[in-house]
Amino acid sequence: MIIRTLTHISGTDREVRADNWTSRRLLLRADGMGFSLHDTVIHGGTSTRMCYRHHVEAVYCIEGKGSVTATSTGETFPIEAGTVYALDGHEDHILTAETSLRMICVFNPALSGSEIHDEDGAYPPPEVMGT
Ligand code: 9YT
């Protein structure tokens with residue numbers, strides 16, 4: 001059994017900061033679960049374009065208000081605590097945080113933890129990460 005807390009992760013390499021978000025990686029590829037589990041805070045007043053070509057991702061909001069827009073259709077869906085969006089089709093999307101959003105994110109395949117977004121807002125596939 002793996003037991004881990006946000007307190008343990010804080011200040012370690014499992015806490016990853018980008019311009020628009022800070023992500024605490026509770027479970028990563030090395031943990032062998034087949035998915036990764038992240039507690040991510042999207043900073044209020046930001047918009048982030050992402051497109052995970054090599055992963056599916058489910059994102060469950062537990063705090064804050066914002067929206068997600070599917071760039072292919074222009075449709076925008078509101079996000080608040082209790083809303084999940086699941087990118088089952090690797091959709092290109094823009095996540096807008098009106099207030100700070102706290103999101104529980106699950107990636108499959110699991111992230112190894114050292115990925116960075118490319119110019120399209122994607123993470124590289126697992127084979128490129130050598131894990
Ligand atoms: C909601 C979302 O996908 N934000 C980007 C960061 C991601 N959750 C991560 O890398 O932990």
- Taking GluC sites (Glu not before Pro) as exposed when in a DSSP loop with at most 12 other Cβ atoms inside 10 Å, the chain has its longest clean stretch at 1-74
- Query: Amide H to amide H under 5 Å from Ala122: which residues, 5+ apart in sequence or cross-chain, H placed 1.01 Å off N in plane?
  - Reply: Cys51
- Task: Mind checking which of Val56, Gly45, Thr76 is farthest towards the positive end of segment 45-91's charge dipole, using Cβ charges of +1 (Lys, Arg) and -1 (Asp, Glu) about the Cα centre?
- Result: Gly45
- Query: Please state the equivalent ellipsoid semi-axes for the chain: what are the square roots of 5 times the Cα gyration tensor eigenvalues, largest first, in whole Å?
  - Reply: 22, 18, 13
- Query: Stokes-Einstein at 20 °C, 1.002 mPa s, Kirkwood radius from Cα pairs: D for segment 34-106 in µm² s⁻¹?
  - Reply: 177 µm²/s
- Can you list which of the chymotrypsin sites (Phe, Trp or Tyr not before Pro) found in segment 12-73 are DSSP loop residues with at most 10 other C-beta atoms within 10 Å? none
- Using the Karplus equation 6.51 cos²θ - 1.76 cosθ + 1.60 (θ = phi - 60°), what ³J(HN,Hα) coupling, rounded to whole Hz, does each residue of segment 75-85 give in order, writing x for Gly and Pro? 5, 10, 10, x, 10, 8, 3, x, 9, 10, 10
- Message: Amide H of Thr83 versus every other amide H placed in the peptide plane: which residues, excluding those fewer than 5 positions away on the same chain, fall under 5 Å?
- Response: Cys61
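No lab work stands behind these numbers, since they all come straight from the coordinates. Source: prediction; values computed, not measured. All Cβ positions, even for glycine, are placed from backbone atoms using ideal geometry, and neighbour counts span all protein chains on display.
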